[in-house]
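Colleague: Structure provided below as C-alpha cells; questions to follow.
The values are calculated or read from the model by the stated rules, or taken from the named source; none is laboratory data. On a predicted model such as this, the values are computed, not experimentally measured, just so you know. Here Cβ is always computed from backbone atoms with ideal geometry, including for glycine, and neighbour counts include all displayed protein chains. For the accessible areas, the whole protein counts, side chains as well, though only heavy atoms, and no ligand, DNA or RNA atoms are used. Shrake-Rupley method; radii C 1.70, N 1.55, O 1.52, S 1.80 Å.
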Amino acid sequence: MKRMTAIIRTPLIPLITLLPATINAASLEPTTLKAWEAYVESAKIGMEQRLSPGGVFLWVDEEPERLARVRAGEIVVSPVGPQNPKKVPSGLIHDWVGSAFIAGVTLQDVLRVARDYGQYKELYPPTVVDSRVIDTGETKDRFSMLFLHKSTFLKTALDADYETSYARVDDRRLYSVSRATRIQEIDEYGSRAQRILPEDEGRGIIWRLFSITRYAERDGGVYLELEAIGLSRDIPASLRFLVEPIVRRVSRASLSTSLRQTEDAVRSRAELANRSTGSGKSIDAIVHGGAAPEALHLVHSSR
C-alpha cells in the first residue's frame with residue numbers, strides 16, 4: 001500500500017529526469033544488495049521499537065511543533081537521518097518520511113482507499129499509469145503497478161509487484177509494511193522499440209522499494225505517516241554536486257503530493273459513503289477482507 005507509497009508511490013521516480021540518456025547501463029551488485037538488506041532490517045527494528053513500552057508510535061509525536069503543524073493541516077516531509085541520499089557501495093539509499101492529518105474521517109475510510117489497489121491508477125496520476133490486484137488475504141495483499149515518467153531525455157516505465165502486510169496495534173492504531181517483490185525497467189516505453197529488461201538491469205533508476213505506513217485515529221481524524229525507502233544506482237561523481245540537491249528537493253515535493261492525493265481520495269470516498277450509507281465496517285473487517293465492497297460500489301457507480 002503505500003506508497004502506497006501511491007501510499008506505495010515512491011518519491012524517487014523523479015530521479016529519471018536527472019539521468020542523461022547516454023548514462024551507462026548498470027547491474028545491481030551483491031555488495032549493494034547486502035547494504036540495502038541491512039538498512040531495511042534496521043528500519044524494521046525501528047518500527048518494532050515504536051511499539052515497545054515507552055516508544056512513540058507516530059513520528060509527529062516526537063516534536064510538539066511538528067505535531068501542531070500536521071494537526072493544522074500541513075503535510076510535513078523530512079529526510080530520515082543527516083545524509084540523504086545515503087551512499088552505499090555502487091548505490092544510493094533514499095529515505096523520506098511524511099505525515100498528514102485527515103480531519104473528520106475514520107481508519108475505515110483511510111483503509112478503503114489504501115487497499116483499493118486496482119484504483120491506484122485513478123487516484124495517483126500521472127505517475128501511476130496502471131495498477132491491478134494480484135491477491136488479497138486476511139492481513140497480506142499483493143498487487144502490481146506501472147510507473148511512468150517522461151523527461152527531456154527519457155520515456156521509461158517501471159513495472160513492479162508489491163506485497164503489503166498489515167498489523168493492528170489496537171482499535172485505533174495499525175501499521176503496514178510494503179516491499180516491491182519485483183521491479184523491471186521498460187525501456188522506450190510506448191514506442192515500437194519498447195522492451196522490458198531483466199530484473200536488476202537497466203539504468204538503475206530504482207532497484208528496490210520498501211515502506212512503512214502508520215495509521216492512528218484520534219483528535220477527530222486520522223494521522224497518516226509514510227516512510228518511503230528506495231535503492232537506486234549511484235549518481236556519477238561528475239554530476240553528484242549538481243544532482244543530489246535536486247533529487248532531495250523533488251523527492252520532498254513528490255512525497256508531499258502523494259500524501260495530498262491520498263487525503264483527497266479519502267475525503268472524497270468518505271463523503272460518498274456518508275451520503276449513501278451512514279455506516280461502515282469494523283477495522284477487522286477491512287484489514288482482514290480487503291477494501292469494503294460498498295466502497296468499491298460507490299467508486300464505480302459514481303463514474
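Colleague: When both residues are 6+ apart or on different chains and their Cβ atoms are under 6 Å apart, which pairs have a first residue that lies in the stretch 173-202 and is closer than 19 Å to residue 230 by Cα, and a second that is open to solvent by 70 Å² or more (accessible area, probe 1.4 Å) and not hydrophobic (A, V, I, L, M, F, W, C)?
Modeller: 184/199
Colleague: Let me ask you something else. How about the stretch 106-127: which of its residues are open to solvent by 10 Å² or more (accessible area, probe 1.4 Å) and among the hydrophobic types (A, V, I, L, M, F, W, C)?
Modeller: If the condition is that a residue be open to solvent by 10 Å² or more (accessible area, probe 1.4 Å) and among the hydrophobic types (A, V, I, L, M, F, W, C), then 123 is the only one that fits.
Colleague: I need every pair where a residue in the stretch 251-264 that is more than 11 Å from residue 97 (Cβ to Cβ) has its Cβ under 6 Å from the Cβ of a residue that is polar (S, T, N, Q) and assigned to a helix (DSSP H, G or I), sequence separation at least 6 or different chains.
Modeller: Filtered contacts from the stretch 251-264: no entries.
Colleague: Filter the stretch 233-253 down to the residues that are surrounded by fewer than 22 Cβ atoms within 10 Å (Cβ to Cβ) and under 30 Å from residue 56 (Cα atoms) and list them by number.
Modeller: Result: 248, 249, 250, 252, 253.
Colleague: May I ask you to list the residues in the stretch 1-50 that are modelled with pLDDT of 90 or more, open to solvent by 40 Å² or more (accessible area, probe 1.4 Å), within 23 Å of residue 244 (Cα to Cα) and touching a Phe, Trp or Tyr at 6+ places or on another chain (Cβ under 9 Å)?
Modeller: Within the stretch 1-50, 33, 39 qualify.
Colleague: Restricting to the stretch 59-102, what's the tally of residues that are open to solvent by 10 Å² or more (accessible area, probe 1.4 Å), assigned to a helix (DSSP H, G or I) and hydrophobic (A, V, I, L, M, F, W, C)?
Modeller: Looking only at that region, the number is 3.
Colleague: Consider only pairs whose beta carbons are under 6 Å apart and that are at least six residues apart or on different chains; among these, list those whose first residue lies in the stretch 69-97 and is over 18 Å from residue 42 (Cα atoms) and whose second residue is in a loop (DSSP other than H, G, I, E, B).
Modeller: 90/29; 90/234
Colleague: Then there's this: For residue 43, work out the one condition from (1) touching an Asp or Glu at 6+ places or on another chain (Cβ under 6 Å); (2) of a type outside the set (Lys, Arg); (3) under 20 Å from residue 211 (Cβ atoms) it doesn't fulfil.
Modeller: Failed condition: (1).
Colleague: What residue, of 105, 129, is part of a strand (DSSP E or B) and over 14 Å from the mean Cα position of the chain (by Cα)?
Modeller: 129
Colleague: If you don't mind, there's one more thing I want to ask. Within the bounds of the stretch 270-285, is there any residue that is assigned to a helix (DSSP H, G or I) and modelled with pLDDT of 85 or more?
Modeller: Yes, some residue in the stretch 270-285 is assigned to a helix (DSSP H, G or I) and modelled with pLDDT of 85 or more.
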